[in-house]
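The values are calculated or read from the model by the stated rules, or taken from the named source; none is laboratory data. These figures come from a predicted structure and were not determined experimentally. Ideal geometry is used to build each Cβ from the backbone, glycine not excepted, and the neighbour counts take in all protein chains shown. Protein only, heavy atoms only, side chains kept; ligands, DNA and RNA dropped before computing areas. Shrake-Rupley method; radii C 1.70, N 1.55, O 1.52, S 1.80 Å.
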Amino acid sequence: MATSNDEKDLEEGAIETPKWSNLPTVSFRKMARKSLGEILTESTNLTQEQLQTALKSQETKQGGKIGEILVEHNLVTEEEVLKALAFQLDLPYYNRLPINDIDPSLIDNIQIQFCRDNRILPVARDDFNVTVAVADPLNVFPLDDLRLILSTNINMIVCSPQVIDNAINRVYERSNDASQKVIDELNVPDINAEEDLDQTRDLLESSDDEKPIIKLVHGLLSRAVKEKASDIHIEPYETDVMVRFRIDGSLQDKMEIPRRHASSLASRVKIMGKLNIAEKRVPQDGRISIKVAGKDIDVRLSILPTAHGERIVMRLLDKSSGAKRLDQVGLDPEIYQQWIKLVEQNHGIILVTGPTGSGKTSLLYASLMHINTTDINILTIEDPVEYQLAGVGQTQVQEKVGMTFAEGLRSILRQDPDVIMIGEIRDGTTAGIAIQSSMTGHLVLSTVHTNDTASTITRFMDFNIQPFQITSAVIGIIATRLLRKLCVHCREAYVPTDRELSLMSMTREALGDRKIYKSGGGCERCHGIGYKDRMGVYELLGFNDEIREVISRSQDGKVIKKVAVAQGMVTLRQAAIKKVLTGVTSLEEAMQNTQSDDFDD
């Protein structure tokens, strides 16, 4: 079928907008004289027969928009309908919006809920008009409201609902980023922060008349979520309060707050966590449920008294993102296949080891999701329950009332489980019950805080678990670490020194023409850090007859590890070096997060 000039306009865009001339846009030189159905049949894969069927359906239903009916029957996409509608109305269609160029003052007098409900957002202003992005150009009533609010004429551009939703969240984040601009407002000696917080309200809906300390806390939480921080640290010192975010495992300074506001800041956080604001002498723990930019965030709160005031750490968990699948946690293909065989066993203990924040819980959740079927009863005892897994019975540890891992595990065994997940084995009692559970036909998964797979065996022996019990019950141990990934936009290739080659156990000839990268010092896309996001590296110790024999006659972790490596086990250090050689991370990052494989130390 021949393509008309108008159809080329619809596909590629023809008119540049002076403000955003570098963006892909669809606009038209003349008003279309065609129906929406005609435009769709000419610009998409929609056939005349399908269109006629949809029109008959429209008549049967006594109304309804033809575009909605076509989308409902999966004949066209929502984006194709919007492009065709923009074509019909002679309006520009934008595939994306230049969010950083949108002036936040445009939405000063507009509530975020109004924009969300109507999928509408002011994006630009000139001397005579305000340009407004809309997802439904036929819905004119909110445009009339905007004309009254802004006291100006309105020009429309069309965008997909997803593009507008993202722009709304980003622009209101910038408008309400109180974490910097309210610092200057914090000049009141005593700020009363004892008002209730509606925990289900989106923090981006904060209003200008809220007290500065409230805006500050909301701004910190919003900024932390935007920058994908896992923790917020609020640390009081002699002259000021330092705020730091942990991003990709590394703490980064974010701002300094005058020391005189430390008490008010702690009080506000305590109120949000429903803690005792009058008690400042003992540690307190709590939880906060908030919503930021439409995301449900769970905050684990820890407050610790120090010499200069109360130190606050808030761990953020994005519940809306859900747990990762097993094929998303970064297991290498060989380890992935071995791990699947382990978690599909009917009984035995599988242990995941590593320091705090190394990805242990993510791997356990992914494993449970892999084996979760209707014919299996899976029960967990956790501290805390981080993600809700459909079809899994999850129990929260409550040590204040005697609900420990050991007590919870005893109760779980009376619930006829097939698979048991223990958040962490911390003591000999829990370890002993786990051993007995695995030997009576249950598959048990748990975590242990040790450095590598071999040292986990030594740790169990410290719990007074006998070697024959370990070799009978444990079927596999995996150690995990998270390494920061180099920012691909600013990383730098370089020639490694002889010492660096030695650290990688590699000769220059073996390296060949492969490139080694290091951090380039950071850029705008990685916030000046040089790294962006993280990935997992793993060390899997499978139990065979030779490994069991070594465990039975030796308690030395190095001996066990040496035998395992001789049998082909890839250590954490070796796995990290592989990532260096593929340019994903730096040698510095690999060395810092894994320990040497020198068995003769």
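Just checking, how many residues over segment 295-329 are farther than 22 Å from residue 240 by Cα, in contact with a Ser or Thr (Cβ under 9 Å, 6 or more places away or on another chain) and open to solvent by less than 50 Å² (accessible area, probe 1.4 Å)?
8
Report every pair of residues separated by at least 6 positions or lying on different chains whose Cβ atoms are under 6 Å apart, first residue within segment 135-157 and closer than 19 Å to residue 105 by Cβ, second open to solvent by 70 Å² or more (accessible area, probe 1.4 Å).
Taking only residues 6 or more apart or on different chains, the pairs are 149/109; 154/147.
Please specify each residue of segment 371-388 satisfying the condition of being part of a loop (DSSP other than H, G, I, E, B) and either without any contact (Cβ under 8 Å) to a residue 24 or more places away in the chain or open to solvent by less than 20 Å² (accessible area, probe 1.4 Å) (or both).
Correct list: 372, 373, 374, 375, 384, 385.
Is one or more of the residues making up segment 301-315 more than 24 Å from the chain's Cα centre (by Cα), farther than 30 Å from residue 234 by Cβ and not hydrophobic (A, V, I, L, M, F, W, C)?
No - not one qualifying residue is present in segment 301-315.
For residue 332, state whether it is of a type in the set (Asp, Glu), over 15 Å from residue 541 (Cα atoms) and either open to solvent by 20 Å² or more (accessible area, probe 1.4 Å) or without any contact (Cβ under 8 Å) to a residue 40 or more places away in the chain (or both).
Taking the combined requirement at face value, the residue does not satisfy it.
Name the helices (runs of 4 or more DSSP H) wholly inside segment 64-132 in which the number of residues that are more than 23 Å from residue 51 (Cα to Cα) and touching a strand residue (DSSP E or B) at 6+ places or on another chain (Cβ under 8 Å) is 2 or more.
Per the criteria, 112-118.
Please give the number of the condition residue 367 fails out of (1) part of a helix (DSSP H, G or I); (2) open to solvent by 20 Å² or more (accessible area, probe 1.4 Å).
Here residue 367 meets the rest and fails (2).
From the list 508, 573, exactly one residue is without any contact (Cβ under 8 Å) to a residue 40 or more places away in the chain and either touching a Phe, Trp or Tyr at 6+ places or on another chain (Cβ under 7 Å) or loosely packed, with under 12 Cβ neighbours inside 10 Å (or both). Which is it?
508
Quick one: which strands (runs of 3 or more DSSP E) lie wholly within segment 464-546 and hold at least 3 residues that are under 30 Å from residue 442 (Cα atoms) and at pLDDT 90 or above?
474-486, 531-542
Residue 75 - would you say it is at pLDDT 75 or above, more than 23 Å from residue 155 (Cβ to Cβ) and buried (at least 21 other Cβ atoms within 10 Å of the Cβ)?
no
Only one of 372, 377, 346 is modelled with pLDDT of 90 or more and in contact with a Gly (Cβ under 6 Å, 6 or more places away or on another chain). Can you tell me which?
Every option except 372 fails the conditions.
Considering only residues that are over 17 Å from residue 160 (Cβ atoms), open to solvent by 50 Å² or more (accessible area, probe 1.4 Å) and touching a residue at least 12 places away in the same chain (Cβ under 8 Å), which ones fall in segment 85-104?
90, 101, 103
So which residues in segment 232-285 are without any contact (Cβ under 8 Å) to a residue 40 or more places away in the chain, more than 25 Å from the chain's Cα centre (by Cα) and exposed (fewer than 15 other Cβ atoms within 10 Å of the Cβ), if there are any at all?
239, 256, 274, 276, 278, 279, 281, 282, 283
Residues in segment 419-433: is at least one within 28 Å of residue 556 (Cα to Cα), in a helix (DSSP H, G or I) and either of a type in the set (Asp, Glu) or at pLDDT 95 or above (or both)?
no
Would you tally the residues in segment 582-601 being open to solvent by 30 Å² or more (accessible area, probe 1.4 Å) and part of a helix (DSSP H, G or I)?
4
Taking the stated definitions as given, is residue 457 assigned to a helix (DSSP H, G or I) and open to solvent by less than 40 Å² (accessible area, probe 1.4 Å)?
yes
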